[in-house]
Amino acid sequence: MPQSIIVVGSSNTDMVIKSEKFPVPGETLLGGEFFLFPGGKGANQAVAAARLGGKVIFVARVGNDIFGDQARQQFKAEGIITDYIVKDSDRPSGVALITVDSKGENTIVVAQGSNGALSSDDVESASKEFEKSDIVLTQLETPLPTILHVAKLAGKFGKKMILNPAPAAPLPPELFPYLYLITPNETETEVLTGIKIKDEASIRQAAQKLKEKGVANVIITLGSEGAYLFSDGAGKLVPSQKVKAIDTTAAGDVFNGALAVALSENKTLEQAVEFANHAGAISVTKMGAQASAPFRKELTTNL
């Protein structure tokens with residue numbers, strides 16, 4: 001039977017404008033369609049995991065406002081356990097302003113709001129869930145001291161800790177040894193290792209460097225090319241399905257949510273990456289963050 005997945009992280013409301021191109025500094029553009037989507041890396045990953053069949057517990061903070069109320073209702077509708085989502089009376093819910101160009105690429109600016117106040121005490125309140133669960137997944141849209149506390153709590157109970165180090169930021173050295181898995185993209189990999197990703201040799205070099213920092217396993221995501229898995233001293237490029245991208249927003253979040261589900265079902269790391277690649281590929285064919293997360297029935301393979 002699949003184990004529970006604890007997702008600790010951010011919840012935002014995404015305000016999206018489609019535009020032919022991105023504005024340069026000082027330029028005003030007339031854009032196209034406007035969309036209002038639920039988002040935030042933590043919430044995106046929680047929803048993705050729930051839609052793919054995971055039993056998900058979400059630890060987060062939202063504001064005491066309409067965005068926060070809508071988010072909680074959405075999570076409940078997705079079957080996510082919301083007992084550990086704190087309603088913050090002092091700060092608004094997080095908001096992200098997103099521009100999507102004609103190629104499906106995006107730029108994002110986030111106002112953290114209540115996400116910036118997610119505390120170690122908030123995490124500690126869910127300690128009994130950490131004890132019962134198997135997989136812990138988090139990202140970097142909440143304070144680093146809180147993320148370190150998550151890692152230590154996961155380590156205390158011997159759980160598999162997955163860190164999606166996004167948005168890109170340097171990490172304290174003491175965090176790495178707690179990580180069962182780290183999942184940076186190419187930009188995040190360069191920030192963490194100082195190695196620019198140019199080819200498979202540089203990917204392997206960067207993965208090896210992360211391993212030397214104390215991480216058990218490394219997955220470097222490569223967008224449409226798939227993902228590079230480095231485990232037990234061996235590296236392998238796991239290709240993704242080729243699709244026509246409409247919006248890449250949250251593709252990485254869907255990948256990570258799917259990865260957590262696959263591992264909770266005791267799939268091998270390679271099988272988990274194949275499953276996550278498939279889910280991520282489906283997500284880029286749809287608009288929005290959580291809205292783009294596929295349901296299990298949409299994954300037509302037997303992964």
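The values are calculated or read from the model by the stated rules, or taken from the named source; none is laboratory data. Keep in mind that what you see is a predicted model, and the values were worked out from it rather than measured. Here Cβ is always computed from backbone atoms with ideal geometry, including for glycine, and neighbour counts include all displayed protein chains.
One table, with the values for the structure above:
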| read-out | value |
| --- | --- |
| Every pair of residues 6+ apart whose Cβ atoms lie under 8 Å, when the first sits in the range 34-48 and is at pLDDT below 95 while the second is assigned to a helix (DSSP H, G or I) and surrounded by fewer than 24 Cβ atoms within 10 Å (Cβ to Cβ) | Phe37/Ala291; Pro38/Gln70; Pro38/Gln74; Pro38/Ala291 |
| Leading residue by the ranking (surrounded by the fewest Cβ atoms within 10 Å (Cβ to Cβ)) among those in the range 283-303 that are in a helix (DSSP H, G or I) and hydroxyl-bearing (Ser, Thr, Tyr) | Ser292 |
| Considering residues of the range 174-209 that are in contact (Cβ under 8 Å) with a residue 60 or more places away in the chain and in contact with a helix residue (DSSP H, G or I) (Cβ under 7 Å, 6 or more places away or on another chain) only, the residue surrounded by the most Cβ atoms within 10 Å (Cβ to Cβ) | Thr183 |
| Candidate set from the range 125-143 (those that are out of contact with any helix residue (DSSP H, G or I) (no Cβ under 6 Å at 6 or more places or on another chain) and hydrophobic (A, V, I, L, M, F, W, C)); member that is farthest from Tyr180 (Cα to Cα) | Ala126 |
| Every residue from the range 133-164 that is touching a Phe, Trp or Tyr at 6+ places or on another chain (Cβ under 6 Å) and either free of Cβ contacts under 8 Å to residues at least 40 places away in the same chain or surrounded by fewer than 20 Cβ atoms within 10 Å (Cβ to Cβ) (or both) | Ala151, Leu153, Gly155, Phe157, Met161 |
| Residue count for the range 130-154, restricted to those that are of a type outside the set (A, V, I, L, M) and under 22 Å from Val261 (Cβ atoms) | 9 |
| Identity of the residue in the range 92-109, touching a helix residue (DSSP H, G or I) at 6+ places or on another chain (Cβ under 9 Å) and not in a loop (DSSP other than H, G, I, E, B), that ends up surrounded by the most Cβ atoms within 10 Å (Cβ to Cβ) | Gly94 |
| Candidates Asn106, Asn64, filtered to the one that is touching a Pro at 6+ places or on another chain (Cβ under 9 Å) and of a type outside the set (Ser, Thr, Tyr) | Asn64 |
| Failed criterion for Gly280 (all others in (1) closer than 18 Å to Glu105 by Cβ; (2) in a loop (DSSP other than H, G, I, E, B); (3) in contact with a Phe, Trp or Tyr (Cβ under 8 Å, 6 or more places away or on another chain) hold) | (2) |
| Meets criteria (of a type in the set (Gly, Ala, Ser), outside any loop (DSSP other than H, G, I, E, B) and modelled with pLDDT of 95 or more) for Gly79 | no |
| Selection count, the range 110-132, where residues are crowded, with 23+ Cβ neighbours inside 10 Å and farther than 19 Å from Ile6 by Cα | 2 |
| Residue that is surrounded by the fewest Cβ atoms within 10 Å (Cβ to Cβ), among those in the range 1-53 that are in contact with a strand residue (DSSP E or B) (Cβ under 6 Å, 6 or more places away or on another chain), among the charged types (D, E, K, R) and over 24 Å from Val86 (Cβ atoms) | Glu33 |
| Subset tally (residues that are closer than 18 Å to Glu186 by Cα and either modelled with pLDDT under 95 or surrounded by fewer than 22 Cβ atoms within 10 Å (Cβ to Cβ) (or both)) for the range 216-228 | 6 |
| Every residue from the range 167-188 that is among the small types (Gly, Ala, Ser) and farther than 21 Å from Glu225 by Cβ | Ala169 |
